[in-house]
Structure formats: C-alpha cells, structure tokens
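In what follows, a single structure is set out as structure tokens and then discussed.
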Amino acid sequence: MKSAFISAASLIALGIMTAQAPAAEKLRIGTEGDYKPFNYVTGSGEIKGFDYDIGQAVCAEMKVECEWSTHEWSGIIPALQSGKFDVMIASMAVNEERKKQVTFSNPYYFNAMHFIARKDLGIQEISKEALKGKVIGTQSGSVAVDTLKDYFPDNEVKLYPSLSEVFLDMDSGRLDMVLESQMALSDWLAQDSGNCCEFAGKPFILDAAQGNAMAVRKDSGDLAERLNTALAAIIKNGTYDKIRQQYFDFDIMVRPVNASAYLK
C-alpha cells in the first residue's frame, strides 16, 4: 500500500509540474515566398532564404518557436493587420506610408535598386534618353513602382503580382528592362533563364529609404523592441554575418547612392 501511495503521489506531483510548465511562446511569421534569395518555397514546400534564416536566428535568440506562412505580396500588410501572423519578415522596405500601417523593427539590411536590361539593347548608363521607348517591368506594390513614376513617367511600365512573373516576361522578350532589388536580380541573372540580360547602370536607393525591416501590428506591445534586441544580439555575436555570407559577398548594411543624385 505504501509503495502504491508513493507511486500515486509521484504521478500527481508530475502532473502538477507538467501543468505548471509554461508552453514555449510561438511567434507566427509571415513572408511572401516568391522573392529569391530572400524568401522562397522549395519544391518540397519548405520556406527558405535570407529572410527565413534571419527570422530563425532572431527566434532562437528570443527563445521562441517560429511558425512560418506565406502570403501574396499585395495583401501581406492586411494579412498582418488582421492577425493571420504576428511578425512580417519579407524584405519590406520601410517608408512613411507603411509606417502609418505597421510598426517596423530596426532595418536588417539596405536593398539597393538596380535596372537590368536585355543584352541586345546595349544599355550601359541610365537616363531618360537611354530608356526612351523601353518597356519596363516590376512587381506591383514595390518601391520601384513609385521610382518609375517619378523619374520615367513617359515609359510604359508593366506591373506583376510576383517577381517570378516579371522574370518570365523578361526571359520571353515581352519586357526590355526590369527595375527591382539588386540582390533579387543578381540571383536571377546567375540562373540560366537570366542569360538574356545584364545589369544596366549603377545601384541606387530612394532618398527617403530607411532600409528593410521586420514589421508587427501597431497593437503588438513591446514585440518590436524584443525583435530589435534579438537582432542587435545576432549582429554582435557574428550570427548575422555568417548568414549574410551564405547569400551575398558584399556588405548589405552600406547605403548606396541616392536616387535623386543618380536619376537626374
């Protein structure tokens, strides 16, 4: 009887301890999943890329469990606002309009824009004269859209839901040029489908550009501060740079030349 009593007591104590043990905090992260090399979905359905690796490192530093999901770019801010996920890590460029809708973390990189052009066009420098009559493509909702409106208002601009669709039309000859992230373009140019094209001109960044950052809802309490603390920690301990070197052989924290100084 004594042995049975001890066994039962042990089970009860174990049950109490289990009930009291706090469950690991789960951080739901949303990304696009169609923006190589930052975020993309593999053939087996896994989310990969620079954004993913940075997110995983931040979660590890915060000691929380990451749960990832993908969302169409044009609706990714509404998806965050509606609570479909808690943090957006999708290479979103910070600007004043977006800051009205979400709270951003500190930037985790600066992403220069760059033009690519079909090789047979022979475009070396970027100017209104050099681009006269050229059909330019980019992803709808990206900061490149406003740049083209501001500096190349006379050109025909085609907008696409995803960058992969932009590349398909570039490869097929339905576009003359593309303006987008230098890093995403570099990844595509390294592939066989990118043999048609080359960089044109120099990389640049919008005058008001504030970098690319993680985003949370306005009512997320101290979550943005916690993300900043974790980001600073992985930068200090070298984890950030180890991840960066897997994708880029140049410093992505360096701010490039301003658009107004280049696209005159």
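The values are calculated or read from the model by the stated rules, or taken from the named source; none is laboratory data. Note that this is a predicted model, so its numbers are computed, not measured. Here Cβ is always computed from backbone atoms with ideal geometry, including for glycine, and neighbour counts include all displayed protein chains. For the accessible areas, the whole protein counts, side chains as well, though only heavy atoms, and no ligand, DNA or RNA atoms are used. Shrake-Rupley method; radii C 1.70, N 1.55, O 1.52, S 1.80 Å.
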Going through the cross-link list LYS99/LYS132; LYS99/LYS149; LYS119/LYS264; LYS26/LYS99; LYS26/LYS202; LYS63/LYS202, which pairs have a Cα-Cα distance over 30 Å in this structure? LYS99/LYS132; LYS26/LYS202; LYS63/LYS202
So, taking all protein chains as they sit and a 1.4 Å probe, how much accessible area belongs to VAL41, in Å² rounded to tens? 70
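Report in % the part of the accessible area of the stretch 48-88 that belongs to carbon and sulfur, leaving out ligands and nucleic acids; probe 1.4 Å. Before the final figure, lay out each step's value.
Numbers: 740 of 1710 Å².
Solvent-exposed carbon and sulfur of the stretch 48-88 make up 43 percent of the total.
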Normalised by the residues of the stretch 28-110, what does the relative contact order come to in percent, with Cα pairs under 8 Å and at least six apart? 36
When only C-alpha pairs under 8 Å and at least 6 residues apart count, what is the relative contact order of the chain, in percent? 26
Expressed as an acute angle from 0 to 90° and rounded to the nearest 10, what is the orientation of the C-alpha long axis of helix 223-236 relative to the principal long axis of the chain? 80
0 to 90° range, to nearest 10: angle between helix 163-172 axis and the chain longest Cα axis: 30
Could you tally the net charge around SER260, taking each other residue with its Cβ under 15 Å from the Cβ of SER260, Lys/Arg +1 and Asp/Glu -1? +2
Calculate how steeply helix 2-20 sits against the longest principal axis of the alpha-carbon atoms of the chain, using the helix alpha-carbon long axis, and give the answer as 0 to 90 degrees to the nearest 10. 30
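Would you mind getting the accessible area per residue of the stretch 54-171, heavy atoms of the protein chains only, 1.4 Å probe, in Å²?
That works out to 45 Å² for each residue.
Based only on Cα atoms, what mean projected area does the convex hull of the chain have, in nm²?
Working: hull surface 71.7 nm².
So the Cα hull casts an average projection of 17.9 nm².
Ordering ARG28, ARG174 by how much accessible area each has at a 1.4 Å probe, largest first, what is the list? Walk me through the numbers before you get to the answer.
Numbers: ARG28 70, ARG174 135 Å².
Ranked from most to least accessible, the order is ARG174, ARG28.
Could you sort ASP53, ASP219 by their accessible area in this structure, using a 1.4 Å probe and putting the largest first? Before the final figure, lay out each step's value.
Details: ASP53 35, ASP219 125 Å².
Correct descending sequence by accessible area is ASP219, ASP53.
Roughly what % of DSSP beta bridges within the chain run antiparallel, to the nearest 5? It would help to have the intermediate numbers written out before the result.
Details: 22 of 38 bridges.
Bridges in the chain are about 60 percent antiparallel.
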Residue-ordered couplings for the stretch 121-137, obtained by feeding phi - 60° into the Karplus form 6.51 cos²θ - 1.76 cosθ + 1.60 and rounding to whole Hz (Gly and Pro as x), are 7, x, 7, 9, 10, 9, 7, 4, 5, 5, 9, 4, x, 7, 8, 10, x
